[in-house]
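**Student:** I am attaching a structure below and will ask some questions about it afterwards.
The values are calculated or read from the model by the stated rules, or taken from the named source; none is laboratory data. Keep in mind that what you see is a predicted model, and the values were worked out from it rather than measured. Cβ placement follows ideal geometry from the backbone for every residue including glycine, while neighbour counts extend to all protein chains displayed.
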Amino acid sequence: MQLTNTYTEARFADGITSANKIWGTGEIERGDPLPYIPKWKTSAMLGVKTAKWSSFLTWNYQSRMFDQAVAEDRQIVDSYSTLNFNGTYNWSEKLSSNLKIQNLTDEEYVVSLRPFGARPGAPFWVTAGITYQY
């Protein structure tokens, strides 16, 4: 088992007039949030590892965040979570195979609203591989 949690409080210390499209164009007040920095990022992993194989489920969570610092027209990027699987089998000392499944629940989520509108997060996808060490 593994649990990782990060809390970040990222705000402007002083007010400024911004011409930066990333921060938003206009007045940024003291205490306005830095864009695209969520307060919470959490990851919980549960799995089993033996000499021959390993299998892990990982849940990732990200809290909501803002798309710009300027209050006018500021939008919220909603929080989201994903569930992922990773498995490995060791056929021999030199040969192993792995299977990764990202976003097991096929959660639809937005990771960004800038620069050209909503950007979706990664959909359900599967990768498999074989590793041979010389």
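**Student:** Hey, among SER54, SER43, which residue is of a type in the set (Gly, Ala, Ser), closer than 24 Å to TYR7 by Cβ and modelled with pLDDT of 95 or more?
**Tutor:** Working: SER54 fails: closer than 24 Å to TYR7 by Cβ.
Only one candidate qualifies: SER43.
**Student:** Same structure, new question: Determine whether the range 60-70 contains at least one residue that is in contact with a Leu (Cβ under 7 Å, 6 or more places away or on another chain) and part of a strand (DSSP E or B).
**Tutor:** no
Conditions (1) among the β-branched types (Val, Ile, Thr); (2) closer than 25 Å to ALA128 by Cβ; (3) in contact with a Ser or Thr (Cβ under 7 Å, 6 or more places away or on another chain), marked per residue:
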residue: ASN5; (1), (2), (3): no, no, yes
residue: GLN62; (1), (2), (3): no, no, yes
residue: ASP106; (1), (2), (3): no, yes, no
residue: ARG114; (1), (2), (3): no, no, no
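**Student:** Here is a follow-up. Within the range 94-103, take every residue that is polar (S, T, N, Q) and part of a strand (DSSP E or B) and give me the one that is nearest to GLY31 (Cα to Cα). Please lay out each step first, then the result.
**Tutor:** Initially, the range 94-103 is screened for residues polar (S, T, N, Q), giving 96-98, 102-103.
Then keep just the ones that are part of a strand (DSSP E or B); that gives 96-98, 102.
Working: SER96: 51, SER97: 50, ASN98: 46, GLN102: 36 Å.
Applying the filter and picking the extreme gives GLN102.
For every residue, the table says whether it meets (1) among the β-branched types (Val, Ile, Thr); (2) part of a loop (DSSP other than H, G, I, E, B); (3) within 15 Å of the chain's Cα centre (by Cα).
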position	(1), (2), (3)
GLU72	no, yes, no
ASN86	no, no, no
ARG114	no, yes, no
PRO123	no, yes, yes
THR127	yes, no, no
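**Student:** Let me ask something else about it. Identify, from the list LEU46, LEU57, the residue that is touching a Leu at 6+ places or on another chain (Cβ under 7 Å), assigned to a strand (DSSP E or B) and surrounded by 15 or more Cβ atoms within 10 Å (Cβ to Cβ).
**Tutor:** Just a single option satisfies the conditions, and that option is LEU57.
**Student:** Failed condition for ARG64, given (1) of a type in the set (D, E, K, R); (2) under 18 Å from the mean Cα position of the chain (by Cα); (3) surrounded by 14 or more Cβ atoms within 10 Å (Cβ to Cβ), with all others met?
**Tutor:** Only one criterion in (1) of a type in the set (D, E, K, R); (2) under 18 Å from the mean Cα position of the chain (by Cα); (3) surrounded by 14 or more Cβ atoms within 10 Å (Cβ to Cβ) is unmet by ARG64, namely (3).
Results for (1) surrounded by 12 or more Cβ atoms within 10 Å (Cβ to Cβ); (2) in contact with a strand residue (DSSP E or B) (Cβ under 9 Å, 6 or more places away or on another chain); (3) in a strand (DSSP E or B), shown as yes or no for each residue.
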| site | (1), (2), (3) |
| --- | --- |
| SER81 | yes, yes, yes |
| SER92 | no, no, no |
| THR105 | no, yes, no |
| GLU108 | no, yes, no |
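**Student:** Can you tell me which residues in the range 10-40 are closer than 24 Å to SER79 by Cα and surrounded by 15 or more Cβ atoms within 10 Å (Cβ to Cβ)?
**Tutor:** Across the range 10-40, the qualifying residues are PHE12, TRP23, GLY24, ILE28, ASP32, PRO33, LEU34, PRO35, TYR36, PRO38, LYS39.
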